[in-house]
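Here is the structure we will look at.
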Amino acid sequence: MDVQTILIIIIVLLTINFVLLIAYVILVLKEARKTIIRINELIDAVKETAESIKTPFSSLSSLAAGFAEGYKIVEVLKERFTKDTSPENKS
């Protein structure tokens, strides 16, 4: 065998290896894309869950603020009624 035949065989083998490597890289990239899509869906699900948990807590804090304001109103009304019914005002 002469040198030219050996070089052609080596070039053919290297080309086959390169094509197989490219095919493997394409398969790995497809799997990476699927994994990224799954991670994105998971993040969206976690975000929705966090929002659904956050909403009742914000409603609960609004409810507590409402009770606090109601308590203040009751205190003001209580003070006015006690002033109006005190013995000093009846004289």
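Table for the structure above
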read-out: Unit charges on C-beta of K, R, D, E only; dipole of the chain, Debye; value: 200 debye
read-out: Value at 222 nm in deg cm²/dmol, rounded to 500, when DSSP H runs of n ≥ 4 in the chain each add -39,500 (n - 2.57); value: -35000 deg cm²/dmol
read-out: Among (1) 0.97; (2) 1.40; (3) 3.20, the entry derived from the coordinates for Cα Rg over 2.2 N^0.38 Å; value: (3)
read-out: Residues listed by number, the range 2-22, amide nitrogen under 14 Å from residue 28 label point at 7 Å toward C-beta; value: 18-22
read-out: Helix 3-84 vs. the chain, principal-axis angle (Cα, 0 to 90°, nearest 10); value: 0 degrees
read-out: GNM flexibility winner over the chain from 15, 35, 49 (Cα, springs under 10 Å); value: 15
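Readers should treat all values here as calculations from the given coordinates under stated rules, not as data from a laboratory. Being a predicted model, the structure only gives us computed values, none of them experimental. Virtual Cβ from ideal backbone geometry, glycine too; neighbours counted across all protein chains shown.
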